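Structure record follows, encoded as structure tokens.
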Amino acid sequence: MLATRQSLTAFLQRSTRANASLSQNLFLSTKVQVEHGRGQWKTYGDIQNFQENKFQVQTFNKISPVGLGKFPADKYDVRTGDSEAANAHAILLRSHKLKEEEVPHTVRAIARCGAGTNNVPVARMTELGIPVFNTPGANANAVKELVLCGMFLGSRRIVDG
């Protein structure tokens with residue numbers, strides 16, 4: 001038993017010395033480049049039009065000015081229509097079919113103004129770490145008004161059916 005332990009200890013010592021010399025040889029033969037982090041930095045968005053301490057929101061469809069007015073102008077830069085929003089932090093859309101190419105690298109969230117998210121590639125946005133959410137019930141007043149209008153039309157026999 002003692003001989004086995006001694007031979008095992010000797011084997012481990014030899015292998016440790018061999019591994020140490022192998023590691024030293026590998027270390028000395030490895031070329032390390034220090035210049036890898038120097039050079040041109042890759043930037044996303046539009047640096048010239050970047051506004052510090054303001055979130056930029058991009059809209060793809062006509063969204064009510066009353067709703068967009070909820071974003072205070074001192075904290076949010078809301079870009080509507082065809083205006084360029086290269087630094088967009090958020091996207092608001094209604095029926096626009098969003099493509100991955102239209103989502104800047106700076107986007108942190110996508111909001112669908114309405115029910116459902118079928119016009120947004122949710123699976124791909126999830127892979128990119130961008131949350132996608134909708135606003136269920138946002139059109140509840142319109143639905144209520146439509147139902148009441150239908151009830152009035154039916155009760156007065158304006159439209160039979």
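The values are calculated or read from the model by the stated rules, or taken from the named source; none is laboratory data. Worth saying up front: this structure is predicted, and the values here are computed from it rather than measured. Every residue, glycine as well, gets a Cβ built from its backbone with ideal geometry; the counts of neighbours run over all protein chains shown. Keep in mind that these areas ignore ligands, DNA and RNA; they rest on the heavy atoms of the full protein, side chains included. Shrake-Rupley method; radii C 1.70, N 1.55, O 1.52, S 1.80 Å.
Here are a few things to note about the model shown:
- Residues in the range 48-71 that are small (Gly, Ala, Ser) and either within 14 Å of Cys113 (Cβ to Cβ) or touching a Cys at 6+ places or on another chain (Cβ under 6 Å) (or both): 2 in all.
- Candidates are the residues of the range 62-76 that are charged (D, E, K, R) and either touching a residue at least 24 places away in the same chain (Cβ under 8 Å) or in contact with a Lys or Arg (Cβ under 9 Å, 6 or more places away or on another chain) (or both); the one that is most open to solvent (accessible area, probe 1.4 Å) is Lys62.
- Any pair with Cβ under 7 angstrom, 6 or more apart, that starts in the range 131-148 at a residue that is closer than 9 Å to Cys113 by Cα and ends at one that is assigned to a helix (DSSP H, G or I) and open to solvent by 60 Å² or more (accessible area, probe 1.4 Å): none
- Residue match in the range 46-53 (condition: open to solvent by 90 Å² or more (accessible area, probe 1.4 Å) and at pLDDT 80 or above): yes
- Test: residue in the range 93-101 that is under 27 Å from Phe50 (Cβ atoms), open to solvent by 60 Å² or more (accessible area, probe 1.4 Å) and either in a strand (DSSP E or B) or aromatic (Phe, Trp, Tyr) (or both): no
- Number of positions in the range 77-87 that are open to solvent by 60 Å² or more (accessible area, probe 1.4 Å), farther than 16 Å from Arg112 by Cα and in contact (Cβ under 8 Å) with a residue 12 or more places away in the chain: 1
- Selection from the range 104-144 of residues that are open to solvent by less than 30 Å² (accessible area, probe 1.4 Å) and in contact with a Lys or Arg (Cβ under 9 Å, 6 or more places away or on another chain): Gly114, Asn119, Val120, Ile130
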